[in-house]
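Undergrad: Before I ask anything, let me first share the structure, which is written out below as structure tokens.
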Amino acid sequence: MDAPARRSRWGNQWLPALGIVAIVFALAISALRARVRAPDAVVEAGRHDYLEWCQPCHGSDAHGRGPLAAKLGLEPPDLTTIAKREGGTFLASELTDFVDGRKLLAAHIDRAMPNWGPIFEAASRDDAEGRRANDHIAAILSYLWTIQR
């Protein structure tokens, strides 16, 4: 068998696989873009909660320059770079524990940020949608995930 015949047979075998990979990649990119452009109800609830509870310190753009930031004595972190600081990974479970803060109370960790778990739990009693503390935290983290740079 000559070289051109071998090349065309090899190319014909891999062409369908490459096409499938290209389609899967295009669908994944499309899904990510759709998620960022058209937030679902959880992300929208998270944006609302973020603006109500987090914006005073972290700013409306989440860059850490909210109206109360100067009064804190330390600069709140830029929440748009969480994944970047963690090597490209958005560690939702660790962030949930940190935002909630109740597990950290037992460890006596000193931090400037409030322990939001008890605050959200108290606020949940008046929440018309009946969301609990974990729902508020999950929604805020869903929103923050969409604004990562």
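Undergrad: Quote to one decimal, in nm, the extra length available between Val42 and Thr89 on full extension: 0.36 nm per residue of separation minus the C-alpha distance between them.
TA: 14.9 nm
Undergrad: Arranged from highest to lowest average of other beta-carbon atoms within 10 Å per residue, in what order do the peptides 134-144, 43-53, 75-85 appear?
TA: Ranked from most to least packed, the peptides come out as 134-144, 43-53, 75-85.
Undergrad: Quick one: compute the contact order of the range 40-146, relative version, from alpha carbon pairs under 8 angstrom and 6+ residues apart, as a percent.
TA: 33
Undergrad: What is the sum of charges, Lys and Arg at +1 and Asp and Glu at -1, for the other residues whose Cβ falls under 13 Å from the Cβ of Asp97?
TA: +1
Where a number appears in this text, it was derived from the coordinates with a stated rule and is not lab data. It should be emphasised that the depicted structure is a prediction, and the values quoted were computed from it without experimental measurement. Methodologically, a virtual Cβ is constructed for each residue, glycine included, from the backbone with ideal geometry; neighbour enumeration extends over all protein chains shown.
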